[in-house]
1. Taking the condition of being open to solvent by less than 20 Å² (accessible area, probe 1.4 Å), under 21 Å from the mean Cα position of the chain (by Cα) and hydroxyl-bearing (Ser, Thr, Tyr), how many residues in segment 190-243 meet it?
2. Quick check on my filter: what residues within segment 8-54 are open to solvent by 70 Å² or more (accessible area, probe 1.4 Å) and in contact (Cβ under 8 Å) with a residue 60 or more places away in the chain?
3. In segment 112-119, is there at least one residue being under 16 Å from the mean Cα position of the chain (by Cα) and either under 30 Å from Asp202 (Cα atoms) or assigned to a helix (DSSP H, G or I) (or both)?
4. Among the residues of segment 165-175, which ones are open to solvent by 20 Å² or more (accessible area, probe 1.4 Å) and either touching a residue at least 24 places away in the same chain (Cβ under 8 Å) or farther than 22 Å from Phe298 by Cβ (or both)?
5. For Gly357, are the conditions met, namely being open to solvent by less than 30 Å² (accessible area, probe 1.4 Å) and over 23 Å from the mean Cα position of the chain (by Cα)?
6. Are there helices (runs of 4 or more DSSP H) fully within segment 261-374 with at least 2 residues that are of a type outside the set (A, V, I, L, M, F, W, C) and at pLDDT 90 or above? List them.
7. Can you tell me which residue among Val351, Val315, Val310, Val343 is in contact with a Gly (Cβ under 8 Å, 6 or more places away or on another chain) and of a type outside the set (Ser, Thr, Tyr)?
8. Give, as residue ranges, the helices (runs of 4 or more DSSP H) completely inside segment 158-252 that count at least 2 residues that are at pLDDT 90 or above and within 30 Å of Arg288 (Cα to Cα).
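The values are calculated or read from the model by the stated rules, or taken from the named source; none is laboratory data. Because the structure is predicted, anything quoted here is derived from the model rather than measured. Here the Cβ is made from the backbone with ideal geometry for all residues, glycine too, and neighbour counts use every protein chain on show. With ligands, DNA and RNA removed, areas are computed over all heavy atoms of the protein, side chains included. Shrake-Rupley method; radii C 1.70, N 1.55, O 1.52, S 1.80 Å.
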Amino acid sequence: AMGMLNAEERFAWPALSPAMFNVMAVLWGTGLWALGLPLEHVVLGWALGTLLGGLAQLLVQLPALRGLGWRFHPEWAPHDPGLRRIARLMAPATVGLGAVQVNIFVNSIFASHDPGAVSWLDYAFRLLYLPTGLFGVAIGTIAMSGLARKAAEGDMEGLRTTLSQSLQLLAYLTLPATVGIMVLRVPVVRLLYERGRFSPADTEAAATALFLYAFGLLGYTAVKVLAPAFYALDQPRGPLLASGLAVATNLVIVGLLYSRLGFRAVALGTAAASLLNAALLAILFERRVGGLLGRGLFRSTVPMGAAAAVMGGVVWWTAGALEGVLGAGGLGANLATGLLPVVLGVGVYGVLTRWMGVGEAEVLWALARERLER
């Protein structure tokens with residue numbers, strides 16, 4: 001359903017549908033807990049809530065699909081050329097995703113040797129889902145329809161331009177997010193997790209993992225944009241090769257460094273693998289299609305990086321000053337030290353990049369002004 005709507009450039013409902021999954025699952029789980037059922041029954045009930053959440057995610061998109069003229073009717077056509085093309089593209093992608101799951105499985109085996117390490121790594125990586133989803137998945141989803149259309153038309157120049165612009169916008173959004181996560185790792189983890197059995201020591205450990213994971217954030221998000229370009233070109237082996245080499249790199253790093261770094265080696269290996277994955281995809285695209293790396297792609301990131309560094313200094317000083325005044329205990333103090341610096345950082349980065357003449361800042365500023373005028 002999401003794919004059909006995205007292909008018709010209807011992005012609002014597909015973007016909203018995962019939130020419906022979360023809302024249904026959370027409400028269902030909360031209701032079970034409020035009924036006072038035994039813990040084992042609540043856990044089984046959560047599994048049913050997941051099923052209901054998936055159903056809600058589908059149903060919320062059906063009215064938009066019907067508005068486009070879609071009607072469901074069963075049809076058995078295994079020799080349909082479109083279906084066969086999907087299967088051909090899907091096989092390498094499935095193998096690549098399987099390799100990633102093997103990677104996660106092996107990482108968990110290593111981390112399980114340290115008490116609490118599996119949880120620290122899991123909680124830390126969950127925090128990367130937010131920028132990855134907001135930036136990487138969102139931009140990749142929107143870019144996919146444009147990339148597929150340009151590829152179908154044989155417009156290689158348009159495809160290069162679309163991909164380059166998407167990567168530049170991604171860098172503009174991801175670089176400050178990376179710096180912000182690194183600087184505010186402790187206040188954010190403390191705000192979200194430190195309660196109940198999650199102690200200050202757990203906060204420090206999860207924040208350390210988050211700091212190391214953040215090195216790979218640009219890689220995580222860039223893959224969401226680069227891989228669809230290969231699928232649009234009917235070249236699924238590129239992402240498969242890059243994914244396989246990245247997984248192997250992660251396993252080598254973890255295997256060599258775990259005895260000295262412990263769970264930190266897992267976060268470091270994952271980050272390095274994601275950067276390698278994105279770099280390999282960019283190199284493969286340059287070799288097979290060309291015209292990507294010579295479009296000022298790296299030159300435009302210099303002012304973005306400088307603005308993000310200044311923003312990081314401002315955010316670090318602000319968080320420290322707030323903690324010095326309010327302390328680190330209590331929800332109010334944690335909200336202030338964890339959220340106010342984020343708001344300030346967004347403003348500082350936006351003003352600096354607009355003052356530096358960064359094109360993406362001008363575009364976003366114009367969009368914001370247009371919305372405010374409406």
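1. The qualifying residues number 3.
2. Glu8, Glu9, Ala15
3. no
4. Leu167, Gln168, Leu169, Leu173, Leu175
5. No, not satisfied.
6. Per the criteria, 263-288, 301-326, 331-355.
7. After ruling out the rest, the residue left standing is Val315.
8. Correct list: 217-232.
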